[in-house]
Amino acid sequence: ATAWLNRYVGTNIFIAGIVDDRVRWSALQAYYLNAFLISPGASDPEIYKELGSDRIFGLMPPPRNKIEAQVAALEEIAEQADAAYAASGEENVRGTAGCRSSLALSILGICTSVQEDELSMSVLFNYLGKEEVDSSTSEEDLRAALQRLQAKGTNVLQICGLTVDGLQDVTLLMELLAFDVWAIFSDTVHDEDSSTYTQQMTSGWFQGAWIMDATPWHPKYPTRGSHSDMTSAEFAQLFKQSSGFEATPYAASAFACLIVVSKALEAAWNSYGFNLTLFRDEIQKTSMDEFFGNIQFDEYGQNTQPFLVTQYSNVSGGDASTDIVHPFAKASASVVFPRPSWPQMRCRYETAVLSQECSGKGLCDRTGTCVCNYGWAGDTCSSEESAEKTDHMTLILIVVLSSCGFAIVMVLALTVCRHILTKRRRRIIAEKEALARAIEVEDKAGIEKGKFALLHLGIPPFAITDFDEETRREQSEKRGIRLSYILSDEFLELAQKRTGLEDPTFYDMKDKFFFGDDALGKDQICPRDGKPGVALVDWVDKEWRGPTTHFLSWTWGYKVSLVRDALEHWTDTHGIDPKDVCLFMCFFVNNQYRIIVSKERIGAEQLEHIFEENLTRIGHVVALLDTWDSPRYLTRIWTIFEQVMSIQLKVPVTMVLPRNAASELMEEFNKGKDGIVRVSDSLTTVDSESAEAYSPDDEKAVKELIKQKLGFETVNQSIFKFMTKWVGLEMEVHLRDLVGKRGSTTTRGKPSRIVLS
């Protein structure tokens, strides 16, 4: 086929198949035809060593990389476990030697010689040897092989060459033999049987949980491609939409081949046409951070990227799925190490109600027993015990056993049990609070310490992961941008450099911040929805953010200098440290990748709920007016809506102005009646029905909500009364200052000290 295409079609660039032997013949033919061949699947290094890197290339890394990835993962995971035990001050349950020094690995199955050589030569762990079995091995022989590995002290098991059915047989026998290990690696999870593996787990094969594998590609790999501009999740979704099948590593590799070729073609095309030499050179020097990983070719033309270590996570009867657990920088979930015991896994599966072990009212311990929360009882913690019932049973025990002299002992025992359960609950709460604080400040050591502390308290790994994700989501949603960042040189320089303007508006910054290859936070995973692209408040350094203290009502049409001047004037006037102020400032705290990039919209009812929840939670609004003379603030539908919501919810509002505008307001007051009337007319003229928004969709949504809930005239009157009250209070303070200081000019430019509620 290769020869025919070259002769009759003129093909000189081939993308070959995935089977080593077939690729070998295609590669030889392409070599003799002076053509180029790229294979998405051939992993045998000998193919490339035979022909060199002039014209033959492969995207699939060699098997050696897979074992190297597993070895590196074992080392770092074990070291992490030891560090967590040391940080917690608790005794390492793996003995005084620790996890890393106690690793003892064995092979079950038939692995390649490269794999066994790599494992046997590793200085990381004690290699105990192998037991060769395959799909034809009888159950009796398989049992005997496992018993021999168990007797050797194996605590890490590498399973090779077995189908999903064979892997099921192994894990079921391991449970029957009470053969618990710290980690299981398999080469089955990501091959042709991956869909079968998932189906079996979802159907009840809980023993398949927490098994690890290594793969060159995974749908949860977070990097966005530098040339394709695509993430792994986006590729997997598009592949399924177009083919109807789940994307495999081979499918991803094939598409990555096209990306490599297309980039090389762009470089090899000039005014004289296509240059084959330039194409070859471009392929050889490829270095791309892509959705498939970091693509680089070695001296023989084979991709050198490291494998990803994955782990299945399926407990309590939930849906089966894999996550990347190593390298940690690319992980989509925390690794579970050591694995739960077989009795613990069975307990979690058999006692699950709505995917929660022990009916959601307790936890399984390593012996496979449900330890129920206070007030619950039974083998699955499904029986509720009220306080009255407990007291009644205590009374019965006292009556029945008093003649035997055990009444006091029983009462004390029940009291102690209650005390222990209460103490445990309090400790769990305290550890969760400590973990949440560590997550907020990105204290990696504190995070690991907190997770291991919860694990030792009996909280299952999946529940700890859920708590971690929920905490990150909640912290992100309630996070504000520190005013000290808005006033910093760092932010000013960023705005000026990005826009090329000395004093840009926030509209000017919009496209430069959130669009393009270098958009800020574009490739970070959002803690709110797990998708690429984060809010700016999650992108900035942790020192520049914190729990929200004030809601800022403003408009993106303001220039940076105006916003900085007004807010600095406000803090100076009130004696507030900018570091203590964290603003709900929509430009920073809303995820603009969802709003202005993906254009996700919300309905009127949801809009009202979100604003009401945020305003009530934050409890203080700062309204930033650009000027007192026909302010832009009163012509924008968003700021009008924010004001009327504050009024309706009775949330205190502080009005702020830039310094010059504040001074001009005082001067206008000094003109007497004419000045006061002019100020009043300017600040109380509101027409919400004619107000505008940058986005027509936003304008329509907000106005629709106003029409449904209040009506434009009611809104206008509410704003009119509010602004009139503010002007009156500002005038009153100004007069007091004039009387108290006999007209001293030092009081000028200091309005906005009024908090209205």
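The values are calculated or read from the model by the stated rules, or taken from the named source; none is laboratory data. This one's a predicted model, so the numbers in the text were calculated from it and none came from an experiment. Ideal geometry is used to build each Cβ from the backbone, glycine not excepted, and the neighbour counts take in all protein chains shown. Surface accessibility is based on the protein's heavy atoms, side chains included, excluding ligands, DNA and RNA. Shrake-Rupley method; radii C 1.70, N 1.55, O 1.52, S 1.80 Å.
Listed by chain and number, the aspartates and glutamates whose C-alpha is less than 17 Å from the C-alpha of Lys285, apart from same-chain residues fewer than 8 away, are Asp54, Glu266, Asp298, Glu299. Each label was represented as a point 7 Å from its Cα along the Cα-to-Cβ direction; for Asn34 and Ser680 these points are 9.4 nm apart.
How many angstrom lie between the Cα centre of the range 231-300 and the Cα centre of the range 517-574? Answer, in whole Å: 37.
Number of Lys-Lys pairs in the range 633-728 with C-alpha atoms under 26 Å apart and a separation of 8 or more places or on different chains: 18.
Let me know the shape class of the range 532-667, please: from the alpha-carbon gyration tensor, a ≥ b ≥ c as square roots of the eigenvalues, rounded when a/c is under 1.5, otherwise prolate if a/b is greater than b/c, or oblate. Cα axes put the range 532-667 in the prolate bin. Each Lys and Arg contributes +1 and each Asp and Glu -1, all at the Cβ; summed about the Cα centre of the range 426-544, the dipole is approximately 560 debye.
Using the Cβ-Cβ distance between Ile15 and Leu278 with R0 = 25 Å, the FRET efficiency computed as 1/(1 + (r/R0)^6) comes to roughly 0.85. When you filter the trypsin sites (Lys or Arg not before Pro) in the range 237-321 for DSSP loop state and at most 13 other Cβ atoms inside 10 Å of their Cβ, you are left with Lys285. In the range 166-183, whose amide N lies under 15 Å from the spot 7 Å out along Cα-to-Cβ of Gln199? List them in ranges. Of the residues in the range 166-183, 166 have backbone N under 15 Å from the label point off Gln199. Accessible surface for the range 210-323, divided over its residues, is 43 Å² per residue with a 1.4 Å probe.
Using alpha-carbon positions, what is the distance between the centroids of the range 17-88 and the range 629-645, in Å? Using only Cα atoms, the two centres lie 61 Å from each other. Split the accessible area of the range 144-203 by element, probe 1.4 Å, and carbon with sulfur accounts for 46%. Dipole magnitude for the range 221-351: about 360 debye, using +1 per Lys or Arg Cβ and -1 per Asp or Glu Cβ, origin at the Cα centre. The alpha-carbon of Lys220 sits under 12 angstrom from the alpha-carbons of these aspartates and glutamates, leaving out residues fewer than 8 places away in its chain: Glu234, Asp323. Roll a 1.4 angstrom probe over the protein heavy atoms and tell me the percent of accessible area of the range 540-697 that is carbon or sulfur. The computed percentage sits at 47. Shown in residue order for the range 377-382 are the 3J(HN,Hα) couplings computed by the Karplus curve 6.51 cos²θ - 1.76 cosθ + 1.60 at θ = phi - 60°: 8, x, 4, 10, 6, 9 Hz (x for Gly and Pro). Seen through its C-alpha gyration tensor, with square-root eigenvalues sorted a ≥ b ≥ c, the range 486-562 comes out oblate because a/c lies at 1.5 or above while a/b is not bigger than b/c. Spin-label model, Ser321/Thr369: points 7 Å from Cα along the beta carbon direction are separated by 3.5 nm. Heavy-atom surface analysis with a 1.4 Å probe gives the range 1-55 a carbon and sulfur content of 50 percent of its accessible area. Please work out the FRET efficiency for the pair Glu612 and Phe720, using the Cβ-Cβ distance as r and a Förster radius of 22 Å; give the result to the nearest 0.05. The formula returns an efficiency of 0.45 here.
Given the pairs Lys510/Lys531; Lys531/Lys559; Lys66/Lys330; Lys512/Lys542, which span a C-alpha to C-alpha distance of over 25 angstrom in this model? Lys531/Lys559, as the Cα separations exceed 25 Å there.
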